[in-house]
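The values are calculated or read from the model by the stated rules, or taken from the named source; none is laboratory data. Remember, predicted model here, so these are calculated numbers, not experimental data. So basically every Cβ, Gly included, is an ideal-geometry build from the backbone, and we count neighbours across all protein chains shown. Ligands, DNA and RNA are stripped out before the accessible areas are found, and what is left, the full protein with its side chains, is counted by its heavy atoms. Shrake-Rupley method; radii C 1.70, N 1.55, O 1.52, S 1.80 Å.
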Amino acid sequence: MKKNSSNAMALAPNTSNKRETVCIFGTGDFGRALGHKMIQSGYPVVFGSRSTQTSSLIPKDAEVLSHAEAAQKAAIIIIAIQRQHYNFLTPLAEILHGKVLVDVSNNSKINQYPESNAEYLSQLVPGAKVVKAFNTVSAWALQSGTLDASRQVFVCGDDMEAKQMVMDIVRALGLTPLDQGSLLAAQEIENYPLQLFPMWKFPIFLSLGLIAFFFFYSLTRDVIYPYVYEKADFSFFIAISIPNRICPVLALILLALVYLPGVLAAIIQLYRGTKYRRFPDWLDKWMLCRKQLGLVALAFASLHVLYTLVIPIRSFVRWRTSNQIVSQALNNATEPLNITSAWLSDSYLALGILGFFLFVLLGITSLPSVSNNVNWQEFRFVQSKLGYLTLILCTAHTLVYGGKRFLSPSSYRWYLPNTYMLSLIIPCIVLVVKFVLILPCLDKPLTRIRQGWERNPQYSE
């Protein structure tokens, strides 16, 4: 059967081992880096440029031609040029008819234009098959080969065959293509590289706010109060003591905040009697950043461990220990071992060690390289069952640490309780409500709701 055009032949599935020629418009940093990577993967590459003079920056195995000549040699053309320079493509519309144009551009700010760059390209060259890809991969990553952090490549386009060809190239480069659907998704893909840690904003800002609050709170209790009433200068507490109070407090509060939205979601579902209604936006966003909250909590827990390890070598601790020894020697008396205190001390240390171990296990399981190798049931067991066990152990660690000091008047300076007392409020609320929710009278209807049962089906959305 006779083919309609050479372009149709070029777009046919490649059954041989030979790679098809790829054209790249643009000899900038990204175009050169992508061309070099393609040559390493066995693709013949031809560059289309305003200047056909060879340069030492161009990969030596690549050919440099004019835009028109380069376009005629390949069915797939990668447009590695900024949007404002797309106008040169209009005179090439006839040559580009039926070709696959891969738009790799990004903008300088989110939603910079009414339409995406890829949609604008398809308007300029209506006869071409436009595909959006490679905009989330940096030139530096392609050149250095460190693609671990940017291995995923989002791909979208209206032509399935053209999109499949681009995804085959992505795989050949050792990357992972993710099909995002039609070209309407291009604007979202273009906005993605411009977002600065979108899922980390809430955890980071929340942590900074809590750090500021507890720093000034601890400064008031542990530095300003002794100076006002005893004229004692404990300003050096700012270096170790106060951070070692803030870190465990934040670790416990943030860990509790990981599981609080799940508890709230369960209450809302029980109240509504259905799972087919959206949660409030604030709860949706909160649930989406639970992983980041947990990792930030793990970071503060790790800092708490490091600060605790240096306590024996602190000058203040060594001075206080030697002072106690001298005092006992002068009084010719030793303090007998308090078994109760020894039990409390060893218990809270043991609970802290076990809690931190499970904390680290939760953090490791959240890594994509680990979570991709476990099934949903295993992942849920670790993140939910072991997660609550971690919260119980860390809460118990803090409770045992407090001991009888909860009832001691000296623990309240200017009527302010110690920081660890404040840290117990949210975890205890979460654990108490969770305990109530697992009672059969509530757990059974909640399970039925999550399996699709509705109390009032006529109101489902």
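Being assigned to a helix (DSSP H, G or I) and among the charged types (D, E, K, R) is the filter here; which residues of the stretch 268-284 pass it? Full working, then the answer.
Initial filter on the stretch 268-284 (assigned to a helix (DSSP H, G or I)): 268-272, 281-284.
Within the stretch 268-284, 272, 281, 284 meet the criteria.
For residue 390, which of the numbered conditions (1) within 25 Å of residue 350 (Cβ to Cβ); (2) open to solvent by 60 Å² or more (accessible area, probe 1.4 Å) fails to hold?
(2)
Pick from the stretch 214-259 the residues that are open to solvent by less than 50 Å² (accessible area, probe 1.4 Å) and not in a helix (DSSP H, G or I): which of them is modelled with the highest pLDDT?
240
Considering only residues of the stretch 135-164 that are at pLDDT 80 or above and among the β-branched types (Val, Ile, Thr), which is farthest from the chain's Cα centre (by Cα)?
Out of the qualifying residues, it is 155.
Go through the stretch 327-339 and give me each residue that's surrounded by fewer than 10 Cβ atoms within 10 Å (Cβ to Cβ) and not small (Gly, Ala, Ser). Before you say what the answer is, go through the steps one by one.
First, the residues of the stretch 327-339 that are surrounded by fewer than 10 Cβ atoms within 10 Å (Cβ to Cβ): 330-337, 339.
Of everything in the stretch 327-339, those that are surrounded by fewer than 10 Cβ atoms within 10 Å (Cβ to Cβ) and not small (Gly, Ala, Ser) turn out to be 330, 331, 332, 334, 335, 336, 337, 339.
Looking at the stretch 305-326 only, could you name the residues that are surrounded by 14 or more Cβ atoms within 10 Å (Cβ to Cβ) and among the charged types (D, E, K, R)?
Selection gives 314 alone.
Here's a check for you: in the stretch 415-461, which residue that is hydroxyl-bearing (Ser, Thr, Tyr) and in a loop (DSSP other than H, G, I, E, B) is most open to solvent (accessible area, probe 1.4 Å)?
First, pick out the residues of the stretch 415-461 that are hydroxyl-bearing (Ser, Thr, Tyr): 415, 419-420, 423, 447, 459-460.
Narrowing the set further to residues that are in a loop (DSSP other than H, G, I, E, B) leaves 415, 460.
On the way: 415: 208, 460: 47 Å².
Once the filter is applied, the top-ranked residue is 415.
Any residue in the stretch 395-415 that is over 30 Å from residue 230 (Cα atoms), under 34 Å from the mean Cα position of the chain (by Cα), at pLDDT 85 or above and of a type in the set (A, V, I, L, M, F, W, C)? It would help to see each step written out before you state the result.
So the first thing to find is which residues in the stretch 395-415 are over 30 Å from residue 230 (Cα atoms), and the list is 395-397.
Filter again for under 34 Å from the mean Cα position of the chain (by Cα), leaving 395-397.
Add one more test, that the residue is at pLDDT 85 or above, and what stays is 395-397.
From what's left, of a type in the set (A, V, I, L, M, F, W, C): 396.
Taking every residue of the stretch 395-415 in turn, at least one turns out to be over 30 Å from residue 230 (Cα atoms), under 34 Å from the mean Cα position of the chain (by Cα), at pLDDT 85 or above and of a type in the set (A, V, I, L, M, F, W, C).
Do you know which residues across the stretch 84-105 are under 21 Å from residue 185 (Cβ atoms) and either of a type in the set (Asp, Glu) or modelled with pLDDT under 90 (or both)? Give the derivation first.
Going through the stretch 84-105, the residues under 21 Å from residue 185 (Cβ atoms) turn out to be 86, 100-105.
Once the filter is applied, which keeps residues that are under 21 Å from residue 185 (Cβ atoms) and either of a type in the set (Asp, Glu) or modelled with pLDDT under 90 (or both), the stretch 84-105 yields only 103.
Could you check the stretch 158-184 and list, in sequence order, the residues that are more than 15 Å from residue 118 (Cα to Cα) and in a helix (DSSP H, G or I)?
Residues satisfying the conditions are 160, 161, 164, 165, 167, 168, 169, 170, 171, 172.
At least 2 residues that are modelled with pLDDT of 90 or more and within 18 Å of residue 102 (Cα to Cα) in each: list the helices (runs of 4 or more DSSP H) lying fully within the stretch 1-78 that qualify. Full working, then the answer.
Numbers: elements: 6-10, 29-40, 67-72.
The qualifying helices (runs of 4 or more DSSP H) are 29-40, 67-72.
Considering only residues that are under 22 Å from residue 291 (Cα atoms) and either touching a Lys or Arg at 6+ places or on another chain (Cβ under 7 Å) or open to solvent by 80 Å² or more (accessible area, probe 1.4 Å) (or both), which ones fall in the stretch 176-194?
Result: 192, 194.
What pairs come out if I take residues in the stretch 118-129 that are part of a helix (DSSP H, G or I) and modelled with pLDDT of 90 or more and pair them with residues that are open to solvent by 50 Å² or more (accessible area, probe 1.4 Å) and of a type in the set (S, T, N, Q) whose C-beta lies under 7 Å away, six or more apart or interchain?
Once the first residue is part of a helix (DSSP H, G or I) and modelled with pLDDT of 90 or more and sits in the stretch 118-129, its partners that are open to solvent by 50 Å² or more (accessible area, probe 1.4 Å) and of a type in the set (S, T, N, Q) give 124/90.
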